[in-house]
Amino acid sequence: MRRDPKEVRVLVTRKFPERGIDMLKNEGFGVNVWPHERPMTGEEFLKEAKRSTAIFCTLSEKIDRPFLEDCSHIDVISQFGVGYDNIDVMTAGHLGIPVCNTPDVLSDATADVAFGLMINVSRKMFWLHKSIAKGEWKYFRPGSGLGIELRGKMLGVFGMGRIGAEMARRCKSAFGMNIIYHNRKPDKKAEDELEARYVTFDALLEESDVLTLHASLSKDTEGMFDMKAFRRMKKSAIFINTARGLMHNEEDLIRALREGEIWGAGLDVTNPEPMDQNNPLLEMENVAVLPHIGSATEETRNRMSELAASGIIKYYRGEVIDNLVNRRSLDRGR
Ligand code: GLV
């Protein structure tokens, strides 16, 4: 929709990298950046959104049906991030509000974190690092702090999309790992390029030495990794989650690790977030936890900022938005 840039008021909900914000300003838009480190409360968000025509936001902003119905005047929503489970995109579509996100540009950075967590867990690096800080490095101990090797092991990818494929590429080229995966439907490209084998969900649990999550959060995937799933996994398996914490049941994960149902876990996302500092996972030998930093590199965050801004700019120029996530419901709403 074309609009006089002077009429456009973009609510930028966090201090995102300047690049995208400058792009919006250069376009002549009014830009209102929330100046605090903390996210807005629901009330603050609603108040600011009422005075805006577009929203540049991220996963901390809850954009549900009541919010959207109250703010149906919003022209476009651009999410800084690939996941958009914080937004009811279907309702947005029915109200005629396009929603776009920032895929692709963060796949490498996120796969690096999954890969790094896998190596860290397999060699107990976080725990051993902490043991030095506690003064426990007294002498060389040939039989302690032993990890497990990854060469030739089976990588199970839950959600073979762009990030899952990057993780699989890293594991295959670095460690000659074999790849199995489970998706809603088979992915021929991954099968050809990575010699990946499509398996059922149960087979993925049973055969993986390292099980890595890269699917998006939905009603179907929420809570999928619970005690029942952990019990099906190998006792020697490593569980990696860099997707969404709500996909695993954290109480069950703690129990599965304590009871030896699985060997280790690496998490960049937790359930809930942020993780409590007294969470028992933080004291476990074979566990590594990070505070949701998958895309957190200078380069990637700059690219995300540019891409998120370009969605809004394209909308107001009347150009095609490439990363629209609610095309179908938009069409139906029209
Ligand atoms: C981060 O979690 C994202 O979805 O981009």
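The values are calculated or read from the model by the stated rules, or taken from the named source; none is laboratory data. Keep in mind it's a predicted model, so treat the numbers as computed, not measured. Neighbour counts run over all protein chains shown; Cβ positions are idealised from the backbone, glycine included. Protein only, heavy atoms only, side chains kept; ligands, DNA and RNA dropped before computing areas. Shrake-Rupley method; radii C 1.70, N 1.55, O 1.52, S 1.80 Å.
Is it the case that ALA92 is touching a Pro at 6+ places or on another chain (Cβ under 9 Å), in contact (Cβ under 8 Å) with a residue 12 or more places away in the chain and away from the ligand (no atom under 14 Å from the Cβ)? For ALA92, the condition - touching a Pro at 6+ places or on another chain (Cβ under 9 Å), in contact (Cβ under 8 Å) with a residue 12 or more places away in the chain and away from the ligand (no atom under 14 Å from the Cβ) - is met. Scanning the range 257-306 for residues that are among the polar types (S, T, N, Q), in contact (Cβ under 8 Å) with a residue 40 or more places away in the chain and touching a Gly at 6+ places or on another chain (Cβ under 6 Å) yields ASN286, SER305.
Suppose we keep only residues that are out of contact with any Asp or Glu (no Cβ under 9 Å at 6 or more places or on another chain) and in a helix (DSSP H, G or I) within the range 304-320. Which one would you say is most open to solvent (accessible area, probe 1.4 Å)? Applying the filter and picking the extreme gives GLU306. Among residues of the range 64-85 being within 15 Å of the ligand (Cβ to nearest atom) and of a type in the set (A, V, I, L, M), the one that is surrounded by the fewest Cβ atoms within 10 Å (Cβ to Cβ) is VAL82. Residue check: is LYS219 without any contact (Cβ under 8 Å) to a residue 12 or more places away in the chain and surrounded by fewer than 23 Cβ atoms within 10 Å (Cβ to Cβ)? In short, yes.
Scanning the range 95-107 for residues that are within 16 Å of the ligand (Cβ to nearest atom) and out of contact with any strand residue (DSSP E or B) (no Cβ under 9 Å at 6 or more places or on another chain) turns up PRO103, ASP104, VAL105, LEU106, SER107. Please state which of the following conditions ALA190 fails to meet, knowing it meets all the rest: (1) surrounded by 15 or more Cβ atoms within 10 Å (Cβ to Cβ); (2) at pLDDT 95 or above. Result: ALA190 fails condition (2) only.
Within the range 288-301, is even one residue over 17 Å from the mean Cα position of the chain (by Cα), more than 16 Å from the ligand (Cβ to nearest atom) and surrounded by 16 or more Cβ atoms within 10 Å (Cβ to Cβ)? No; the residues of the range 288-301 include none that is over 17 Å from the mean Cα position of the chain (by Cα), more than 16 Å from the ligand (Cβ to nearest atom) and surrounded by 16 or more Cβ atoms within 10 Å (Cβ to Cβ).
Screening the range 1-106 for strands (runs of 3 or more DSSP E) wholly inside it with 1 or more residues that are charged (D, E, K, R) returns the ranges 9-12.
Inside the range 121-142, can you point out the residues that are in a helix (DSSP H, G or I) and either surrounded by fewer than 21 Cβ atoms within 10 Å (Cβ to Cβ) or free of Cβ contacts under 8 Å to residues at least 60 places away in the same chain (or both)? Scanning the range 121-142 gives MET125, PHE126, TRP127, LEU128, HIS129, LYS130, SER131, ILE132, ALA133.
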